[in-house]
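The values are calculated or read from the model by the stated rules, or taken from the named source; none is laboratory data. Just so you know, these numbers come straight off a predicted model, no measurement behind them. Positions of Cβ are backbone-derived with ideal geometry, glycine not excepted, and every protein chain shown enters the neighbour counts.
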Amino acid sequence: MFDNAYSKRGTALGALAALLGYAATYLLRVDALAAAVAAPAGRFTAREAGPAAWQVAGWLWVGAHHVALRASKGTMVDGYDLPVAPTATDPWAWFLFAVPPVLLVAVGALAAGDAATPRRAVRRGAGIAAGYLLAAACSLYAFRWTGVFQYDGMHRVVAPEPLPTLLVLGVAFPAAFGALGGRLRHLLGE
């Protein structure tokens with residue numbers, strides 16, 4: 001299985017990949033994010049304090065992993081999906097969707113190190129999921145926003161969906177792409 005040093009390394013690299021992916025999303029869309037939260041015509045403006053640009057960037061980062069956000073109205077329990085993920089009309093959509101897999105493959109290759117066997121390289125690469133899962137769990141709270149939207153006066157709670165965030169963003173993406181990176185590192189190192 002893993003030795004202790006490589007599991008710590010994979011966890012740290014997974015957390016780093018999540019931070020870099022979020023930072024890339026924010027920096028690429030900083031102008032559009034500022035316009036989206038600017039009063040009075042912004043898409044995410046609110047009567048009081050609307051969501052910050054960094055929170056909306058987090059929504060985009062979560063959406064780039066194909067995880068929906070949930071917005072609940074007033075005291076409704078069911079809510080609805082909020083479309084803030086990158087779209088086809090966004091000129092950076094292809095890049096925003098490509099950032100997480102590319103980073104995860106690269107970090108998985110780094111985590112694999114000088115693994116002696118393909119199986120060990122794949123395991124080490126997939127080990128980045130621990131750090132990415134930690135970032136996914138933090139995103140449930142960091143990217144949660146509560147307020148009253150200006151366009152309809154309804155109270156809203158906007159947050160990533162918990163189960164898909166943890167399973168898809170936190171486990172499936174990093175395990176699959178990290179393992180691929182580990183395998184590629186082993187293939188190129190032979």
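Please enumerate the residues belonging to the stretch 141-190 that are among the aromatic types (Phe, Trp, Tyr) and either at pLDDT 85 or above or surrounded by fewer than 18 Cβ atoms within 10 Å (Cβ to Cβ) (or both).
Within the stretch 141-190, TYR141, PHE143, TYR151, PHE173, PHE177 meet the criteria.
If VAL158 meets every condition in (1) in contact (Cβ under 8 Å) with a residue 12 or more places away in the chain; (2) under 30 Å from ALA52 (Cβ atoms); (3) assigned to a helix (DSSP H, G or I) apart from one, which number is that one?
The single condition VAL158 does not satisfy is (3).
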